[in-house]
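For reference, the structure is listed below as structure tokens.
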Amino acid sequence: MSKIRKAIFPLGGGMGTRLLPITKALPKEIIPIIDKPLIQYAVEEAISAGITELIFITSRNKRIIEDHFDSSPELEKYLIDNNKTEMLSIIENIVPRNIKFSFIRQSKPLGLGHAILSAEHIINNEEFAVILADDLIDSKIPAIKQLMLIFQQTNSNVIAIQDVSLEDVENYGIAATQKYPKIKNTEEISSIVEKPTRKSSPSQTAIVGRYILKPDIFDHLRIITPDIKGEIQLTAAIISLLKEQKILAYRYEGQRFDCGTKHGIFYANIYFGKKYHGFNAINKFIE
Ligand code: G1P
């Protein structure tokens, strides 16, 4: 069975309206949690899971993300000249030497499915990962690695899931699932509804932004009908793929923050600040 080597990072095609005004000039993936932008957490998760080819789907106004993963000769020279070796190694490690980066420009914001379809020529008939950087997940085993382990055991598509509150179902793809007794915390998806109303939601089991997909998904992305906004939804292609292939859902272990929302960013900063930076005085500022 082939190893997952490639990951696609779709850089939100939308306007980031939920995070305005910060997203007026900044792409949401560059928003920091303490000292690292969201996209760097996502890249570190992929690299620590053993992925070596990173494919970013970018668009106009996202150049700053390419710059973040490019070398910075003036800054590096300054850090060397001033003997700031710890900072130098932090900067150099943003782009480890054995990792390949590619950037594909999505000329029109035609949806998550369209973004993924635009990477087909680089994926080249292999299984691959998709990581949505605004779903920030802190876990012992990188979340995408947890899905890769299920893929290795089953050779099936695997998607991360978690339960959400009823008020929240309208922000996610919501899955109906059946038990998959062979592997712990794993279910088999029978249908998905993208952003249902509370009344029409098949469950409270939400799709989280981590996917391991077989390249057959591209055949479905090519033929599905765009939604009412004219967007090609990944969920629609997954529903179409369901008719032919098993799609497993995995209840990953970890703490997720929805950094597509202001409260998610706020809580992530507190959590990461306390856990990884020793910022323990937070209680002083909270009544
Ligand atoms: C996308 C998917 C949705 C999924 C969500 C996870 O929605 O379309 O099915 O639940 O990511 O974050 P978006 O957040 O891009 O609107």
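The values are calculated or read from the model by the stated rules, or taken from the named source; none is laboratory data. This is a predicted model, so every value here is computed, not measured. Cβ: placed from backbone, ideal geometry, glycine included. Neighbour counts: every protein chain shown. Note: accessible area is taken over every heavy atom of the protein model, side chains too, but ligands, DNA and RNA are not part of it. Shrake-Rupley method; radii C 1.70, N 1.55, O 1.52, S 1.80 Å.
A quick yes/no check of all residues on (1) open to solvent by less than 30 Å² (accessible area, probe 1.4 Å); (2) within 30 Å of Asn124 (Cβ to Cβ):
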| residue | (1), (2) |
| --- | --- |
| Ile212 | yes, yes |
| Phe218 | yes, yes |
| Ile228 | no, no |
| Gln233 | no, yes |
| Cys259 | yes, no |
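Within segment 81-114, count every residue that is open to solvent by less than 70 Å² (accessible area, probe 1.4 Å), in contact with a Leu (Cβ under 8 Å, 6 or more places away or on another chain) and either part of a helix (DSSP H, G or I) or on the phi > 0 side of the Ramachandran plot (or both).
6
Hey, among the residues in segment 157-180 that are of a type in the set (Gly, Ala, Ser) and open to solvent by less than 10 Å² (accessible area, probe 1.4 Å), which one's farthest from Ile228 (Cα to Cα)?
Among residues in segment 157-180 that are of a type in the set (Gly, Ala, Ser) and open to solvent by less than 10 Å² (accessible area, probe 1.4 Å), the one farthest from Ile228 (Cα to Cα) is Ala160.
Those residues that are open to solvent by 20 Å² or more (accessible area, probe 1.4 Å), closer than 21 Å to Glu253 by Cβ and either more than 16 Å from the ligand (Cβ to nearest atom) or touching a Pro at 6+ places or on another chain (Cβ under 7 Å) (or both), I need them from segment 181-193; list them, please.
Listed by number, the residues that qualify are Pro181, Lys182, Ile183, Lys184, Asn185, Glu188.
Being open to solvent by less than 70 Å² (accessible area, probe 1.4 Å) and within 14 Å of the chain's Cα centre (by Cα) is true for just one of Glu66, Glu53, Glu45, Glu76. Which residue is that?
That would be Glu45, the only listed residue that is open to solvent by less than 70 Å² (accessible area, probe 1.4 Å) and within 14 Å of the chain's Cα centre (by Cα).
What pairs come up if the first residue lies in segment 131-152 and is more than 15 Å from Leu248 (Cα to Cα) and part of a loop (DSSP other than H, G, I, E, B), the second is more than 14 Å from the ligand (Cβ to nearest atom) and of a type in the set (Lys, Arg), and their beta carbons are under 9 Å apart, counting only those six or more places apart or on different chains?
Ser139/Lys145
Please find, among Ala237, Ala281, Ala268, the residue that is farther than 17 Å from Val193 by Cα, within 15 Å of the ligand (Cβ to nearest atom) and among the hydrophobic types (A, V, I, L, M, F, W, C).
Testing whether each residue is farther than 17 Å from Val193 by Cα, within 15 Å of the ligand (Cβ to nearest atom) and among the hydrophobic types (A, V, I, L, M, F, W, C) leaves just Ala268.
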